[in-house]
Amino acid sequence: MSTNSNPNYFRLGVFVLAAIAVLVAIILVFGSGRFFQKSYTVETYLTQSVTGLDVGASVRFRGVKVGQVSMIGLTGDLYEKDRPLIDRQEYVVVRMKIFGDNVDEADINDFINAGLRARVKSMGITGVNYVEFDFISKADLYPKLPFTWTPKYPVVPALPNQADEILDGIQKLLGAFNAMDIDGTQKKFDSLLTNLNVIMAGDGKGNEGLTRSVRDLNVLLERVAKVTDKDELNVLMREVVGTMVALRQTLTSIQGDTSSTFENLKQTSDQLNELTRIASQSPSSLIWSAPPPKIVLPMNGVHEQNPSGAK
């Protein structure tokens, strides 16, 4: 009876092996589809938590999947075993397998110099993280993490996690609020409101306030509106124009009189100058009409007669 059952076990074993082979083929064909594709490995270093990022997570370039995470560890276990614990950097190492043709380290350095950076991102509300590659225009604002060891694979610098940056910003904002003098600020604000009330309503001690000034201004504007409505403003403008014309005529006549007066003053000044000259040369001419005869001293006891015959 056992001899008759052996062919059944054999068939069952062949069926199981065939099913396993088909399952492996399905996984290879319809699974990731990248088992036999060429790839190269890069790594990046992080200082923040990588909770939610697991081995096998996607590596994307601008949203397009280009690889997957192959290993997550610490630099203390990989590169710093020979250093004391207190001197270790203890960065988080994320190694990634990038699908595609092999790229040498010189090409990676060119990409890094062009702004290629890695960043851990979250896929919505699921909490599953992945690694995003992209070229950043302001990558110099985020300095590279220093290290002293020789990395096994090319290192792509990492950017801080956006969620961590948001949390850090919130913490800094809360710290700034805690450091603020809320009581002092409230007192200053109350004083400002008091001063504004005084400006608006007045203090009742001679300061009528802005409200009273606005009412007076409204009354003045109403009066101006009434004047313009009754055409009195046009009459006033005509009177002003007439006054200006009369004033111009008066100034013209005064200008002519002024010119005559200046001419008379000039003649008077010339006559005074002439009188002064004569007075300085012959003072006696101011009294007599002609200068007195010249006095001649006597010679030999005889006086010379003057032209008029006097002795």
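Brief remarks on what is shown
- The residue that is farthest from TYR79 (Cα to Cα), among those in region 147-198 that are in a loop (DSSP other than H, G, I, E, B) and of a type in the set (D, E, K, R), is ASP181.
- Single residue of ILE112, ILE98 found to be in a helix (DSSP H, G or I) and within 25 Å of ASP54 (Cα to Cα): ILE112
- If the condition is being among the aromatic types (Phe, Trp, Tyr) and assigned to a loop (DSSP other than H, G, I, E, B), then region 44-89 contributes only TYR79.
- When residues of region 227-253 are limited to those that are part of a helix (DSSP H, G or I) and modelled with pLDDT under 70, the one surrounded by the fewest Cβ atoms within 10 Å (Cβ to Cβ): ASP229
- Residue satisfying condition, being closer than 18 Å to THR148 by Cα and touching a residue at least 12 places away in the same chain (Cβ under 8 Å), within set LEU74, LEU85: LEU74
- Looking across region 173-187, just one residue is surrounded by 10 or more Cβ atoms within 10 Å (Cβ to Cβ) and of a type in the set (D, E, K, R), and that is LYS187.
- Region 179-200 residues that are free of Cβ contacts under 8 Å to residues at least 12 places away in the same chain and within 18 Å of VAL214 (Cα to Cα), paired with ones that are surrounded by 10 or more Cβ atoms within 10 Å (Cβ to Cβ) and of a type outside the set (A, V, I, L, M, F, W, C) (beta carbon under 6 Å, 6 or more apart): MET200/GLY209; MET200/THR211
- Hey, VAL214 assigned to a helix (DSSP H, G or I) and at pLDDT below 75 or not: no
- Selection count, region 142-192, where residues are within 25 Å of LEU53 (Cα to Cα) and at pLDDT below 85: 14
The values are calculated or read from the model by the stated rules, or taken from the named source; none is laboratory data. Everything numeric here is computed off the predicted structure, so don't read it as measured data. Heads up, the Cβs are rebuilt from the backbone with ideal geometry, glycines too, and the neighbour counts pull from every protein chain shown.
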